[in-house]
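The values are calculated or read from the model by the stated rules, or taken from the named source; none is laboratory data. Please read all numbers here as calculations on a predicted model, not as lab measurements. Neighbour counts run over all protein chains shown; Cβ positions are idealised from the backbone, glycine included. Please note that ligands, DNA and RNA were not included when accessible areas were found on the heavy atoms of the full protein model with its side chains. Shrake-Rupley method; radii C 1.70, N 1.55, O 1.52, S 1.80 Å.
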Amino acid sequence: MQLADPTLDQLRIFLAVEEEGSFGGAARRMGRAVSAISYGIAQMEAQLGVTLFAREGSRKPVLTEEGKGLLAEARAVADRADALLAKTRSLHAGLESDVSLVLDVMVPGEATAAVLRDFRAKFPTVALRLQVEGLGAVAACLLERSSVLGVGGPVVGDHPELERQDIGSTELVPLAAPDHPLAQEGVEPGESRKHLQLVLADRSDLTQGREFSVLSPLTWRLGDLGAKHALLKEGLGWGNMPRPMVAGDLASGALVPLDLPEKPGTTYRFSALWRRDTKPGPATSWLIDALRERLTECPD
């Protein structure tokens, strides 16, 4: 038997009959005559060489085993067609087909998760690619055009190719394990230089030769903030961390804030960054506004 491809319209009729439970219900839903629905099912059955619904001995059509076997595939094809049409309409309306976002590792995870959840609900047709980087690597992703929007910290400064817009901040807290020497009372000026400082490393070369809140000549440079967090809890050094990330450790006493004479803690300000030769589209602009709202709400 030579099989023929069913049309998208036939697949939609098949799904409507199954979901409505009757040919009449499918006809009302699709604005068709019952005879048109019945003809569409008959044509699809003839093209596939199977019986989709058992019609005899029942007041409503019941899926056959073959019909049950084809239902998931029919729904997948229809869903993909709907997604294609939705994305096409979005493109005609000027909406981006995708957005590539790079976030500073200091951005609180709760804020990121909330924004991305809302983004997915508001822009279901826009694909999102997410990277998390530290320090100058955020700007590097934009300069290399691997991302169209970034949220970076204050360490890179103004770059002539990038537009910058302040959108919030987080507090960096100097801390260590409770048994660390710097966690004791009465720390003298300069004492921090005698102990290992854990420092976030820059994967890019945009901050080469520059130091940020580094007091000790004894440093371990880590490319991952999570690794730095773990080493701090093990008592292997001291360093700055964003307060939201260590709030639970401070509450439990696993880590303690350091009262150092040099006061190395700081407010870490975030900026939305994009290339000046690329105008943010609707979805990108929404992300900037949503991130500003969340980062402004985030407690320091």
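With respect to the conditions (1) open to solvent by less than 50 Å² (accessible area, probe 1.4 Å); (2) within 30 Å of residue 119 (Cα to Cα); (3) at pLDDT 90 or above; (4) not acidic (Asp, Glu), residue 10 lacks only one, and its number is (2). Scanning the range 144-161 for residues that are open to solvent by 10 Å² or more (accessible area, probe 1.4 Å) and either more than 19 Å from residue 201 (Cα to Cα) or touching a strand residue (DSSP E or B) at 6+ places or on another chain (Cβ under 7 Å) (or both) yields a count of 9. Which of the residues belonging to the range 162-182 are out of contact with any Cys (no Cβ under 8 Å at 6 or more places or on another chain) and either open to solvent by 30 Å² or more (accessible area, probe 1.4 Å) or within 23 Å of residue 278 (Cα to Cα) (or both)? Listed by number, the residues that qualify are 162, 163, 164, 165, 166, 167, 171, 178, 179, 181. Among residues of the range 37-52 that are assigned to a loop (DSSP other than H, G, I, E, B), those with a Cβ under 6 angstrom from a residue that is among the hydroxyl-bearing types (Ser, Thr, Tyr), sequence gap 6+ or separate chain, pair up as 51/64.
One line per residue, one yes/no per condition, for (1) modelled with pLDDT under 90; (2) in contact with a Leu (Cβ under 6 Å, 6 or more places away or on another chain); (3) exposed (fewer than 15 other Cβ atoms within 10 Å of the Cβ):
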| site | (1), (2), (3) |
| --- | --- |
| 1 | yes, no, yes |
| 42 | no, no, yes |
| 59 | yes, no, yes |
| 62 | yes, no, no |
| 65 | no, no, yes |
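Every listed requirement among (1) open to solvent by 60 Å² or more (accessible area, probe 1.4 Å); (2) under 22 Å from residue 72 (Cβ atoms) is met by residue 32 save one, (2).
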